[in-house]
Amino acid sequence: MNAGELLIDAITTVPYIAAMIVDKQGYVVFVNKTYLKMLKRSEKETIGKHISEITPNSRTLEVLKTGKAIIGYYWPINGYEGVASSIPLFKKDELVGCLAYSIFLDVWDGKTLMENLVNELNVYKREVTSLYAAKYTFDALIGESQALQKVKKLACQVANHPDTTVLVTGESGTGKELLAHSIHNASSRGRFPFVKVNCAAIPDNLLEAELFGYGEGAYTGAKKGGKPGKFEVANGGTVFLDEVGDMSLGMQGKLLVVLQEKEMERLGDNKPIRVNVRVIAATNRSLEEMVEQGRFREDLYYRLNVVRIHMPALRHRSGDIPLLVKHLLCKLNKKLKTSVTGVSAPAMERIMKYSWPGNVRELENVLERALILADMSGSNTITPEYLVLMNDRANASAVSFGKGLKALTEEFERKVIARVLEETGYNKMEAASRLDIDASSLYRKIKRYGLGIGKGAGV
């Protein structure tokens with residue numbers, strides 16, 4: 001008995017599989033007891049009959065006509081619901097018949113088993129959707145200034161072109177990632193994954209595997225079976241490349257190939273994989289200057305800069321600050337379970353006059369600290385004395401004369417590093433990038449100035 005005959009024997013004799021074999025003309029030559037039960041027919045009433053008399057909608061006739069299998073189709077019969085497959089049978093390359101077999105969900109607890117599998121699949125699906133879902137829409141962009149409305153209008157327009165690459169520029173804290181979420185959610189790709197990659201936070205030797213995945217055995221310790229990269233995970237959706245200006249020239253070349261060819265290869269594998277994603281890139285650097293300096297590929301720059309959207313700094317839309325303060329207070333009260341709802345006129349005046357170099361992110365941090373201090377004091381209003389973080393930062397820009405140049409330089413450097421560390425949540429890699437120094441230099445300065453206290457667990 002050959003392998004094919006063994007397979008047929010196994011399928012036709014397993015008690016929870018309904019099976020039938022027809023010859024090349026479509027006449028039934030075999031039917032097992034399970035299928036007879038589903039058909040509510042005797043063997044005598046079935047064998048020798050044409051399949052069109054037994055099940056008029058049978059797929060076996062199509063298989064006999066094309067010689068190609070049809071796998072996993074829905075098959076209801078006599079109140080039972082099943083999943084069926086029809087496979088052509090060949091003998092010495094000649095089509096001699098067709099094997100059709102079904103698993104009926106209503107038999108032998110099959111339905112319960114299938115429901116359990118579907119429920120489990122839905123759990124995983126919800127987890128994946130939650131993990132790679134865009135969180136924000138254009139409603140989250142708070143403000144009525146002309147500068148912000150111009151941004152929203154352009155972003156809404158580009159959202160309708162789901163294959164167009166977008167470059168979002170602007171200072172840190174202006175809401176570049178929020179805008180990327182909004183564009184994705186407003187587009188036809190919104191029901192597919194939104195996958196973020198922080199190019200500054202991932203070491204260059206790991207970034208390729210992160211973006212493109214790796215094949216089995218690509219390197220020592222590689223996961224068995226390999227691992228899909230972010231482009232595969234995002235297929236159909238959007239890849240958001242944050243801080244794209246921090247990507248090395250080598251990785252820039254590999255990214256360019258993906259953008260041009262719409263396909264990629266996993267690390268350690270030579271099998272091309274087609275990908276259908278929109279790329280939204282963001283940077284707080286001047287890519288034009290980096291191109292001139294040879295630190296960013298000109299061809300990649302033009303690939304990314306198809307539609308450019310610049311997020312305005314908060315100091316350039318100061319009229320939006322009262323609306324932002326109101327929105328952030330509501331958000332922070334829910335987060336902290338507090339009830340500080342007001343800002344005094346002197347405090348608002350101070351907030352309005354401040355330059356906000358950290359933009360909306362800094363404003364939120366300042367308000368959170370002020371809200372906590374006000375709540376601890378039993379006040380439901382933020383007054384100037386609670387704006388501690390803002391006062392400290394404003395003072396950091398003031399030079400204390402009467403000291404030597406070296407002391408003044410060190411004082412200024414310490415305050416700037418402390419401020420950047422706080423703005424980046426003590427993420428030392430991001431802070432080093434912001435300060436345009438290498439990580440080892442930053443670590444030495446942190447130790448020198450005693451700045452390791454705080455959220456210092458950041459990488």
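The values are calculated or read from the model by the stated rules, or taken from the named source; none is laboratory data. Source: prediction; values computed, not measured. As a convention, Cβ positions derive from the backbone with ideal geometry for all residues, glycine included, and neighbour counts pool all protein chains shown. Side chains included, ligands, DNA and RNA excluded: accessible areas come from the protein's heavy atoms. Shrake-Rupley method; radii C 1.70, N 1.55, O 1.52, S 1.80 Å.
Considering (1) modelled with pLDDT of 90 or more; (2) open to solvent by 50 Å² or more (accessible area, probe 1.4 Å), the lone condition that G253 does not fulfil carries the number (2).
Residues in the stretch 101-118: is at least one open to solvent by less than 80 Å² (accessible area, probe 1.4 Å), out of contact with any Cys (no Cβ under 7 Å at 6 or more places or on another chain), modelled with pLDDT of 85 or more and within 30 Å of V31 (Cβ to Cβ)? Taking every residue of the stretch 101-118 in turn, at least one turns out to be open to solvent by less than 80 Å² (accessible area, probe 1.4 Å), out of contact with any Cys (no Cβ under 7 Å at 6 or more places or on another chain), modelled with pLDDT of 85 or more and within 30 Å of V31 (Cβ to Cβ). I'd like to know if the stretch 256-264 contains one or more residues that are farther than 30 Å from K153 by Cβ, touching a residue at least 12 places away in the same chain (Cβ under 8 Å) and touching a Gly at 6+ places or on another chain (Cβ under 8 Å). Yes, some residue in the stretch 256-264 is farther than 30 Å from K153 by Cβ, touching a residue at least 12 places away in the same chain (Cβ under 8 Å) and touching a Gly at 6+ places or on another chain (Cβ under 8 Å).
V291: under 22 Å from A200 (Cβ atoms), in a strand (DSSP E or B) and either without any contact (Cβ under 8 Å) to a residue 12 or more places away in the chain or open to solvent by less than 80 Å² (accessible area, probe 1.4 Å) (or both), yes or no? Judged against the criteria, V291 is not a match.
If you go through the stretch 327-339 one residue at a time, do you hit one that is touching a helix residue (DSSP H, G or I) at 6+ places or on another chain (Cβ under 8 Å), assigned to a loop (DSSP other than H, G, I, E, B), among the β-branched types (V, I, T) and open to solvent by 60 Å² or more (accessible area, probe 1.4 Å)? Checking the stretch 327-339: not a single residue is touching a helix residue (DSSP H, G or I) at 6+ places or on another chain (Cβ under 8 Å), assigned to a loop (DSSP other than H, G, I, E, B), among the β-branched types (V, I, T) and open to solvent by 60 Å² or more (accessible area, probe 1.4 Å).
Only helices (runs of 4 or more DSSP H) whose full extent lies in the stretch 166-273 are considered here, and the ones with at least 2 residues that are closer than 18 Å to S433 by Cα and in contact with a helix residue (DSSP H, G or I) (Cβ under 8 Å, 6 or more places away or on another chain) are 204-212, 249-261. Considering only residues in the stretch 50-89 that are part of a strand (DSSP E or B) and hydrophobic (A, V, I, L, M, F, W, C), the one that is most open to solvent (accessible area, probe 1.4 Å) turns out to be I71.
Quick one: is E298 more than 21 Å from S172 (Cα to Cα), of a type outside the set (A, V, I, L, M) and surrounded by fewer than 17 Cβ atoms within 10 Å (Cβ to Cβ)? The answer is yes for E298. Per the conditions (1) over 16 Å from the mean Cα position of the chain (by Cα); (2) open to solvent by 20 Å² or more (accessible area, probe 1.4 Å), the sole criterion not satisfied by V168 is (2).
Provide a single number: the residues in the stretch 400-417 that are at pLDDT 80 or above and surrounded by fewer than 19 Cβ atoms within 10 Å (Cβ to Cβ). Residues flagged as at pLDDT 80 or above and surrounded by fewer than 19 Cβ atoms within 10 Å (Cβ to Cβ) within the stretch 400-417 amount to 4.
Does I47 qualify as being open to solvent by 60 Å² or more (accessible area, probe 1.4 Å), modelled with pLDDT of 85 or more, part of a loop (DSSP other than H, G, I, E, B) and touching a strand residue (DSSP E or B) at 6+ places or on another chain (Cβ under 7 Å)? For I47, the condition - open to solvent by 60 Å² or more (accessible area, probe 1.4 Å), modelled with pLDDT of 85 or more, part of a loop (DSSP other than H, G, I, E, B) and touching a strand residue (DSSP E or B) at 6+ places or on another chain (Cβ under 7 Å) - is met.
Looking at the stretch 224-250, which of the residues that are farther than 14 Å from V197 by Cβ and either crowded, with 21+ Cβ neighbours inside 10 Å or under 16 Å from the mean Cα position of the chain (by Cα) (or both) is modelled with the lowest pLDDT? Going through the qualifying residues, I end up with K227.
Kindly establish whether L267 is open to solvent by 10 Å² or more (accessible area, probe 1.4 Å) and in contact (Cβ under 8 Å) with a residue 60 or more places away in the chain. Spelling it out, it is not the case that L267 is open to solvent by 10 Å² or more (accessible area, probe 1.4 Å) and in contact (Cβ under 8 Å) with a residue 60 or more places away in the chain. Restricting attention to the stretch 178-205, the residues being among the charged types (D, E, K, R) and crowded, with 18+ Cβ neighbours inside 10 Å number 2.
Only one entry in E208, E216, E144 is more than 30 Å from D269 (Cα to Cα) and open to solvent by 10 Å² or more (accessible area, probe 1.4 Å), namely E144. Would you confirm whether any residue within the stretch 369-387 is farther than 20 Å from Q146 by Cα, open to solvent by less than 60 Å² (accessible area, probe 1.4 Å), of a type in the set (F, W, Y) and outside any loop (DSSP other than H, G, I, E, B)? There is at least one residue in the stretch 369-387 that is farther than 20 Å from Q146 by Cα, open to solvent by less than 60 Å² (accessible area, probe 1.4 Å), of a type in the set (F, W, Y) and outside any loop (DSSP other than H, G, I, E, B). The residue list M311, M264 contains one member that is among the hydrophobic types (A, V, I, L, M, F, W, C) and modelled with pLDDT of 95 or more, which is M311.
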